[in-house]
Amino acid sequence: MTGKSRPGTFRQILIAGALALALAAPWLVSDYRLFQLTQVCVLAIAMLGLNLLTGWCGQISLGHGAFFALGAYLSAWFMQQAGIPDWLTLPGCAALCFTAGWLFGLPAARLEGLYLALASFALAVAVPQLCKHPVLSAWTGGSNGLVLNAVEAPALWPLSAEHWTYALALCTLLAAMGLTHRLVRGQLGLAMRALRDHPTAASTIGINSARLKAQIFGVSAMFAGIAGALSAITVRYVGPDSFDMFLSISLLVGIVVGGLASIPGSVAGALFVQFVPHTAEQISREAAWAIYGACLLIALWVAPGGLAGLVRRMGDSRGARTTG
Amino acid sequence: MSTDIFLHQLFAGLTAGAIYASLAVALVMVWRSTHHLNFAQGEMAMFSTYVALALIEAGLGYWSAFAATLGLSFLASVAIERLIVAPVARSQPLATVIVFVALLAIFHSLASWLFTPVLREFPSPFPAGTLPGFPYLSGHAAGVVALTLLELAAVWLFFRFTRLGLAMRAVAQNPVSSRLVGIPAARMLALGWGLAGALGACAGMMIAPIIYLDPNMMAGVLLYGFAATLLGGIANPWGAAAGGLIVGLLDSLVGAWLIGPELKLSFALTLIVAVLLVRPAGLFARAQRSRV
């Protein structure tokens, strides 16, 4: 029994430590670092969404940047045109992005494996051009994008505006992690894994795969959209060229390097995507993507569970050693 | 006047279509040999085109640089297949997609890193200006169409009349049986990849004089290549070549009259999704049945 509880304790210590660090961060780091950590929260939410679809459910999407963009534009529009306070735009964005994802998922769910990857890849490539279209430019600001006014924290907020956006992003991330945990632990999670590991077997035991795929697509797009909205709220700029194919790819990089089908893995992936290229860019600005690519290959060959898998193995071996 | 514009658009579409056909045949080649969609084919072609430019700037003549680039692209693609793709060939689709996305990122990054990431002019080997007595087709466009036809004919002759081509078709159709009759299947797969790399490089060098060379050059072209491949039936090179021409023409005409140039990529997206949903086997193929 102790052999089982030890890795559990190791895990709990890790989670408690990470949570404490995340909560203490505003008083430990500079405003710039805090902004970067806010972006980590934003990316982690989007990666949780992609992980639900790709990691747990086995459906490959190379186009989640599109839903990220949708959330960002919607939130910017709500804030700028409708004058809604930033945090109140999140529920609206979530609902609309869920609907968009579900609608895209209905036909896309009929596509198998590679074909879904292809359709979503096409979506990712097409998005920046679509945002620049003259008909949409009243809402999207065309190629110039939308520049938003500086952040205003609610009147009752005692700390600075940077702290406010960080708190907002962190709370949303924790909520997203909680929701993901509930989804993948229950019956739905089993159905998702069955669909990933053996689609035919899944349908013989009564799983309606098309409906399940569309629903998960919706939830996954909702997460991406919320992340996009938070990105608009924190960066204060929404432009078509920030939503190119490489945004979608960086989300995939994050979940593969961080860990497929893993909640902490999604956060680790966000840390990786945010900080590793920043360090690499000091060598050469263009080197970042080569490092992403190399890390993808390394993750695939050496650590199929990603960073989360490595930590889990470390915990297991510690547990095994202490019980002898 | 309007017929004039129409003919201009028609021939522009034909030229683009020839290039899409070239890339589509490359994609089919990879699909037939390893059942993968090579998302990195466009970036590999873009990188090859940069290599060609570097060779030309180093003082090589156009056609020797062209031939050298085809050779180098062939060898590099064979190496990529052997070293990076083959180890994951039989894994889940996710693993193969990850490999191709990694290759895409690496080639994109290398191109910007090694060569300056600004718009570059790329020379055309064909005469400048329009054809004498035929104002709708520029010298380059006519050359592109002719070269593509030549290339497709060469591919056809290779597959139809050589032992090697026959062996490659056998491996694509039934890898196990062909291994049993002594065909080195793994080598055939790598050869398919090599040919795809060379065809892609050719497409890159042909389109670069039209849209200028930069690291983002091929993303849109690749999308059209995929649309063409799907339209023609993903395992059918002739279908893909025809698909390329259809996509080029449709895109040019629809872009000019119906939706404007701003929605061209969305048009490709719609085409891809529509073909996948309505006629996944392509226009020219009978639906494949698979045993459960």
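The values are calculated or read from the model by the stated rules, or taken from the named source; none is laboratory data. Keep in mind the model is a prediction, meaning the values are calculated, not measured. When we count neighbours, we look across all protein chains shown, and the Cβ atoms used for this are built from the backbone with ideal geometry, even at glycine.
Please find, within segment B:41-88, the residue that is nearest to the other protein chains (Cβ to nearest Cβ) out of those that are among the small types (Gly, Ala, Ser) and not in a helix (DSSP H, G or I). Only one residue fits best here, namely B:Ala58. Checking A:Ala308, A:Ala270, A:Ala294 one by one, the residue that is within 21 Å of B:Ile80 (Cβ to Cβ), in a helix (DSSP H, G or I) and not polar (S, T, N, Q) is A:Ala294 and no other. For segment B:92-100, the criterion of being within 14 Å of another protein chain (Cβ to nearest Cβ), crowded, with 18+ Cβ neighbours inside 10 Å, among the polar types (S, T, N, Q) and under 26 Å from A:Leu111 (Cβ atoms) is met by at least one residue.
Going through (1) over 30 Å from A:Leu62 (Cα atoms); (2) hydrophobic (A, V, I, L, M, F, W, C); (3) buried (at least 23 other Cβ atoms within 10 Å of the Cβ) one by one, B:Trp63 falls short only on (3).
Residues in segment B:101-116 that are more than 7 Å from chain A (Cβ to nearest Cβ), out of contact with any Gly (no Cβ under 9 Å at 6 or more places or on another chain) and either in a loop (DSSP other than H, G, I, E, B) or surrounded by 15 or more Cβ atoms within 10 Å (Cβ to Cβ) (or both): B:Ala111, B:Phe115, B:Thr116. A:Asp241 is checked against (1) touching a residue at least 60 places away in the same chain (Cβ under 8 Å); (2) crowded, with 22+ Cβ neighbours inside 10 Å and fails just one. What number does that condition carry? Result: A:Asp241 passes all but (2).
Looking across B:Leu283, B:Leu258, B:Leu253, one residue alone is more than 13 Å from chain A (Cβ to nearest Cβ), surrounded by fewer than 19 Cβ atoms within 10 Å (Cβ to Cβ) and more than 16 Å from B:Gly17 (Cβ to Cβ). It is B:Leu258. As a summary of the residue check, A:Ile255 satisfies the conditions (1) modelled with pLDDT of 90 or more; (2) surrounded by fewer than 24 Cβ atoms within 10 Å (Cβ to Cβ) except for the one numbered (2). Out of curiosity, is A:Ala299 surrounded by 24 or more Cβ atoms within 10 Å (Cβ to Cβ) and at pLDDT below 90? So A:Ala299 passes the test.
Among the residues of segment B:170-186, those that are without any contact (Cβ under 8 Å) to a residue 24 or more places away in the chain and surrounded by 15 or more Cβ atoms within 10 Å (Cβ to Cβ) comprise B:Ala170, B:Pro175, B:Ser178, B:Arg179, B:Ile183, B:Ala185.
Within the option set B:Ser124, B:Ser109, B:Ser33, being on the phi < 0 side of the Ramachandran plot, polar (S, T, N, Q), at pLDDT below 85 and in contact with a Phe, Trp or Tyr (Cβ under 9 Å, 6 or more places away or on another chain) holds for one residue only, B:Ser33.
Quick check, is A:Gly293 under 19 Å from B:Leu103 (Cβ atoms), touching a Ser or Thr at 6+ places or on another chain (Cβ under 9 Å), buried (at least 20 other Cβ atoms within 10 Å of the Cβ) and free of Cβ contacts under 8 Å to residues at least 60 places away in the same chain? Yes; evaluated as a whole, the condition is true for this residue. Considering segment B:71-91, and only residues there that are under 21 Å from A:Ala290 (Cα atoms) and without any contact (Cβ under 8 Å) to a residue 12 or more places away in the chain, the residue that is surrounded by the fewest Cβ atoms within 10 Å (Cβ to Cβ) turns out to be B:Leu83. Have a look at A:Glu281, A:Glu286 and point out the one that is over 20 Å from A:Ala18 (Cα atoms), at pLDDT below 85 and surrounded by 18 or more Cβ atoms within 10 Å (Cβ to Cβ). Being over 20 Å from A:Ala18 (Cα atoms), at pLDDT below 85 and surrounded by 18 or more Cβ atoms within 10 Å (Cβ to Cβ) holds for just one of A:Glu281, A:Glu286, which is A:Glu286. Scanning segment A:214-230 for residues that are within 10 Å of A:Ala76 (Cβ to Cβ) and not hydrophobic (A, V, I, L, M, F, W, C) returns a single hit, A:Gly228. Checked against the criterion of being more than 30 Å from B:Gln41 (Cα to Cα) and touching a residue at least 40 places away in the same chain (Cβ under 8 Å), segment A:118-140 contains one or more residues that satisfy it. Checking each residue in segment A:243-289 for being among the polar types (S, T, N, Q) and within 16 Å of A:Ala227 (Cα to Cα) picks out A:Ser248, A:Ser250, A:Ser266, A:Gln274.
Checking each residue in segment B:40-70 for being in contact (Cβ under 8 Å) with a residue 40 or more places away in the chain and over 30 Å from A:Leu118 (Cβ atoms) picks out B:Ala54, B:Ile56, B:Tyr62, B:Trp63, B:Phe66. Scan segment A:88-100 and tell me whether some residue there is surrounded by fewer than 21 Cβ atoms within 10 Å (Cβ to Cβ), modelled with pLDDT of 95 or more and either farther than 19 Å from A:Ala176 by Cα or among the hydroxyl-bearing types (Ser, Thr, Tyr) (or both). Yes.
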